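Chemist: Once you've had a glance at the structure underneath, I'll fire off some questions.
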Amino acid sequence: MSVHISAKPGEIEKIVLLAGDPLRAKYIADNFLEKPRLVSSTRNIYFFTGTYKGKALTVGASGMGCPSIGIYSYELYSEYEADCIIRIGTCGAYTQKLKLFDLINTDVAVSESTYAECAFGYTKDSFKHRGDAYDIINATATELKLELKNGPIHSGDVFYRAGKGKPAIVKKYKCLAAEMEAFALFANARYLKKDAATLLTVSDIIPTHEKISADEREKALLPMMNLVLESVVKM
Ligand code: HPA
């Protein structure tokens, strides 16, 4: 057991998918995994371990924001020996060149967050994905004939903010979209020499305020779930 996860040693697999929302993790376990077992529910942050097409994996939740995913991913890597964590989440597009439901495989996560500096003394404002997962996801998307974008993502520390216009860091890196977690995940992976990727579905377009409706959300995320699970089979 770690401080925030109550799974026993050996109950978390080497490959872990992290959704933001515990109920999304449960949805994946209920609908896609063979023989899913609930291995942790501390704070209602669920982790399920099972198999997909025979490949063992764990699906769990990260909560929202860098502090939360920072805790869960650190414990998964360091206490449970997870080798590769793939975040699957939603994002808001900064550009109208992206459409609702588009899929993005994150090259690099950038942030004004102090997470990496506070945690590890890293003064960088950008961290890359690590390991083979990113390339495997790209190759799997091609095989499945799914259109997938690649690019830099802004992991913001705030969802609501005063003022209009893009944050300076978004302009500096020409970020495609905003989410709130990849930066801490990639910083942890770098520090602990582990693998990490972040696959996102565009759920809103920031300049036009278009959004996927609550009803559409479940169906909207199916291509991303299919892509990530088919990618995991190859890892
Ligand atoms: N900002 C930050 N995180 C998000 C967004 C957004 O617009 N949409 C989905 N996750």
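Just so it is clear, none of the values below were taken in a lab; they were calculated from the coordinates. Keep in mind the model is a prediction, meaning the values are calculated, not measured. Using ideal geometry, Cβ is built from the backbone for each residue, glycine included, and neighbour counts are taken over all protein chains shown.
Chemist: Which residue, chosen from H154, V170, N138, occupies the Cα position most advanced towards the positive end of the dipole of the chain, where the dipole is computed from +1 (Lys, Arg) and -1 (Asp, Glu) charges on Cβ about the Cα centre?
Modeler: Of the options given, the answer is V170.
Chemist: Still on this model: Run lengths n ≥ 4 of DSSP H only: what is the helix-derived mean residue ellipticity at 222 nm for the chain, with -39500 (n - 2.57) per run over all residues, to the nearest 500?
Modeler: -9500 deg cm²/dmol
Chemist: In addition: Where the centroid of each part is defined by its Cα atoms, how far is the range 138-188 from the range 51-71 in Å?
Modeler: 19
Chemist: Give, rounded to the nearest 20 debye, the magnitude of the charge dipole that the chain has about its Cα centre when Lys and Arg contribute +1 at Cβ and Asp and Glu contribute -1 at Cβ.
Modeler: Using Cβ point charges on Lys, Arg, Asp and Glu, the chain gives about 360 debye.
Chemist: OK, next. Going toward the positive end of the dipole of the range 15-233, with +1 on Lys and Arg Cβ and -1 on Asp and Glu Cβ, which of G20, S73, H209 do you reach last?
Modeler: H209
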